[in-house]
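All remarks here apply to the structure that follows.
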């Protein structure tokens, strides 16, 4: 066997040659035919096994029908095995990221391929959690010549599988603080064509005749028209706090960590507001800063899901500040929905600063109720309760400075606070209020 | 990757390793005098090595066990005389079964299901080797046993050289593919 060959002699070959050789020498030297007889099966078995020796390793490759999955979705990948001119026993092993459930219905088997055989082993891959995961590598361990030669084939480098987050069903009231576009479905405070009645006013040139309010006109003797508010779209910027991940993730079917909740909530919010025709942007802040520019439309939903799949807690990097967040949270009229677990003072500072700058901010608390710090000691329980109390105080102080904080509960989570934020934005828009 | 653990999935690989342990224990006990009634104490002392071999069939423990069994055979024959031909044939086949089953077990990760075709092929091949070996073993045992005979030693040495040459030629031969 050449040095470059992937097939290497095993210990079985060493003993299959050494033991009968030793027995035959002793038998010859001491005239012991019984020892020669003991060597016979080894000689016959080894000679038969060595009649066909392999050179090339078995070919193993993996194909994926798709590289993008939604959480909970499954696909059937395939591992192909192929031998050259030598029969071989092949055992396949597929490594995969923790969040890709791999069930090799037939792939976890040891199989024997005859010369020139091809085998297809179906492998079911289930996306257990959003993110960017690796499937592979696929390695195969092969043995030939009755186990006298072996080789380990490392094939099919890891392939990336992007798992898009599953957005929960989400709807919210039609209340946004500052509807600012030209068209849309949100009622704005500006007068214009729309279905929401704002009051009556005196007729002026340019008003449409069908808007004349005849009752008021007859009663007052002057021409009055019905005034309506215009319907416009708005800008929504969803900010994900990736400074920490609190709680353990159990995948789609298990417990949700703070980052799970944030990502899935962001997907749901994006879907809702993009369906309403609004422009949605995304910001990830943590040790790295990432932005997805504000755009409206269906294509933005696909971009947003792909962008959300790449959210991760990065150990080291930049220090998140409002100044760095700046480019991502424009324009000033945008509704900012921040999704933090509220375990870091930097997040609290950023929220308070945004509110002081008269930005419309809603904070959605993503900390899992069952989250506990690692390790437990005599005073852990007491310390944990004190920390919760301190956190409650921080949340109350945020509310005082104008940042409503709610827990994420799917549909309707934001209804109450959106009304509040809209009222505050309107009050802030009145003449004489500081901006 | 977490492999699917269905009942019976790994029955074959476990059974193969149990066979390795059984062959190993038998190989240690058969050469001993009065092996048909082995004492429990002896069996207990002999058991650990076959278990290690069954757990690590790809290790050097297989060769160690084979060497110990052969050493037992040689030492026993020095005190008790040459064993009957039938026992010699049985012991030779037992050693080969231990070697072959350990090679087979080493090629199969224990967490794999084994296709029936793979198992059938291995058994058929093993039976064929044993059948041919039986014939040659009977021929070898029919040779006269005369320790100290220079002519016989020379003939035996030539035969041993021939066998080793055959294996070397097979190993150096151009591979099939």
Quiz item: Can we say residue A:45 is surrounded by 17 or more Cβ atoms within 10 Å (Cβ to Cβ), out of contact with any strand residue (DSSP E or B) (no Cβ under 6 Å at 6 or more places or on another chain), free of Cβ contacts under 8 Å to residues at least 60 places away in the same chain and in a helix (DSSP H, G or I)?
Solution: no
Quiz item: So which residues in segment A:389-416 are part of a helix (DSSP H, G or I) and at pLDDT 85 or above?
Solution: A:389, A:390, A:391, A:392, A:393, A:394, A:395, A:396, A:397, A:398, A:399, A:400
Quiz item: How about segment B:80-102: which of its residues are outside any helix (DSSP H, G or I) and either facing chain A (nearest Cβ under 9 Å) or under 13 Å from residue A:40 (Cα atoms) (or both)?
Solution: B:82, B:83
Practice problem: Just need a number here: residues in segment A:379-391 that are more than 29 Å from the chain's Cα centre (by Cα) and either in contact (Cβ under 8 Å) with a residue 24 or more places away in the chain or farther than 16 Å from residue A:344 by Cβ (or both). | Solution: 9
Exercise. Looking at (1) more than 9 Å from every other protein chain (Cβ to nearest Cβ); (2) at pLDDT below 90, find the lone condition where residue B:55 falls short.
Key: (2)
Quiz item: Quick check, is residue A:16 within 30 Å of residue B:83 (Cβ to Cβ), crowded, with 22+ Cβ neighbours inside 10 Å, within 7 Å of another protein chain (Cβ to nearest Cβ) and modelled with pLDDT of 85 or more?
Solution: yes
Quiz item: Among the listed residues A:82, A:71, which satisfies the condition of being farther than 30 Å from residue A:165 by Cα and more than 7 Å from chain B (Cβ to nearest Cβ)?
Solution: A:82
Self-check item: Residue tally, condition in a loop (DSSP other than H, G, I, E, B) and buried (at least 18 other Cβ atoms within 10 Å of the Cβ), over segment A:342-364
Solution: 3
Exercise. Among the candidates A:97, A:117, single out the residue that is within 27 Å of residue A:256 (Cα to Cα), within 14 Å of another protein chain (Cβ to nearest Cβ) and either at pLDDT below 80 or under 35 Å from the mean Cα position of the chain (by Cα) (or both).
Key: A:97
Quiz prompt | Criterion (in contact with a helix residue (DSSP H, G or I) (Cβ under 7 Å, 6 or more places away or on another chain) and crowded, with 18+ Cβ neighbours inside 10 Å) met by exactly one of B:98, B:136, B:118 | solution = B:98
Quiz prompt | From the options B:132, B:124, B:158, B:164, residue that is modelled with pLDDT of 65 or more and within 30 Å of residue A:140 (Cβ to Cβ) | solution = B:124
Exercise. Tell me which of these residue B:8 doesn't satisfy, since it passes every other one: (1) at negative phi; (2) at pLDDT below 70; (3) out of contact with any helix residue (DSSP H, G or I) (no Cβ under 7 Å at 6 or more places or on another chain).
Key: (1)
Quiz item: Of the residues B:122, B:63, B:106, which is within 23 Å of residue A:9 (Cα to Cα), within 7 Å of chain A (Cβ to nearest Cβ) and free of Cβ contacts under 8 Å to residues at least 24 places away in the same chain?
Solution: B:63
Quiz item: Is it true that residue A:367 is in a loop (DSSP other than H, G, I, E, B) and over 28 Å from residue A:133 (Cβ atoms)?
Solution: no
Quiz item: Any residue in segment A:271-291 that is in contact with a helix residue (DSSP H, G or I) (Cβ under 7 Å, 6 or more places away or on another chain), within 11 Å of residue A:239 (Cα to Cα) and without any contact (Cβ under 8 Å) to a residue 40 or more places away in the chain?
Solution: yes
Practice problem: Have a look at B:94, B:78 and point out the one that is at pLDDT 95 or above and within 25 Å of residue B:138 (Cα to Cα). | Solution: B:94
Quiz prompt | Residue count for segment A:25-42, restricted to those that are within 15 Å of residue B:96 (Cα to Cα) and either in contact (Cβ under 8 Å) with a residue 24 or more places away in the chain or facing chain B (nearest Cβ under 7 Å) (or both) | solution = 7
Quiz item: Being at pLDDT 85 or above and more than 30 Å from residue B:129 (Cα to Cα), is that true of even one residue in segment A:142-150?
Solution: no
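The values are calculated or read from the model by the stated rules, or taken from the named source; none is laboratory data. Note that the structure is a prediction, hence the values are computed from the model and not measured. Because the Cβ atoms are built from the backbone with ideal geometry, glycine has one as well, and the counts that use them run over all protein chains shown.
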